[in-house]
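Beneath this line is the structure, given in structure tokens, with notes to follow.
We did not get these values from a lab; they are worked out from the coordinates using the rules stated. Keep in mind that what you see is a predicted model, and the values were worked out from it rather than measured. Glycine also receives a Cβ, built like all others from the backbone with ideal geometry; neighbour counts cover every protein chain displayed.
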Amino acid sequence: MPPRSRRPRAASPPERPAQAARVPGATYRLQLHPGLGFRATRELLPHLQALGITDLYLSPIFRARRGSRHGYDVVDPTRLNPELGTERDFEAQFSRREAPETLPSWTPAGGGDLGIKDLLVQSGLAKSGNDAWRAVDQGAVSIDGVKIVDRHHRQPVRGPFVLRLGRKMVRVTPPAGSARPGGEVG
């Protein structure tokens, strides 16, 4: 009996480093309809954010039967429902990456530089120092859109800036009397 020939084994795909998935803190479902379209949701977002909502789950946004109150009777899944607003309205509302106009404000006691852990905990964005460091390690912290990756980062509190942990944000303002860029005193 001739020896069996072995088939070459298929190469296994290269392993990818595990990426931490972002877990929503709290999700709220919005039922969009002609009376509550893309523009109208803008007025609701500060209220929802104040309640701790981090993510929205929307009813269908694609072109539905005219006058639909629920959107599940989609007639064209390649176009937005014009009764909810224009594509420009949708992009303006749901693709923004900047901070909302109405943002909670926090002023630290004293001035000078604060460590990232202290900023996150004292502002109420993180529950503890461990939570703050974990968020930094996972790349979930930014200041004015710049990701903070160093646990030992110290931030000068001389001018206002937006501190973000995941989807939660706060505008940090300097205490009265602290120096601002350009030598102004607040």
Label point 7 Å out from residue 65 along Cα-to-Cβ: which residues of segment 34-48 have amide N under 19 Å?
34-35
Segment 25-81 - Rg and Dmax from Cα coordinates, angstrom:
12.4, 36
Just from the alpha-carbon atoms, what are the Rg and Dmax of segment 105-183 in angstroms?
11.8, 36
Mind listing the long-range amide H neighbours of residue 114? Cut-off is under 5 Å, sequence gap 5 or more, other chains count too, H placed in the peptide plane at 1.01 Å from N.
155, 157
Within 10 Å, count the other beta carbons around each residue, average over each peptide in 112-121, 126-135, and list them highest first.
112-121, 126-135
Compute the distance in nm between two label points, each set 7 Å from the Cα along the Cα-to-Cβ direction, one at residue 56 and one at residue 36.
1.1 nm
Between residue 29 and residue 173, Cβ-based FRET efficiency (R0 30 Å, step 0.05) works out to 0.35
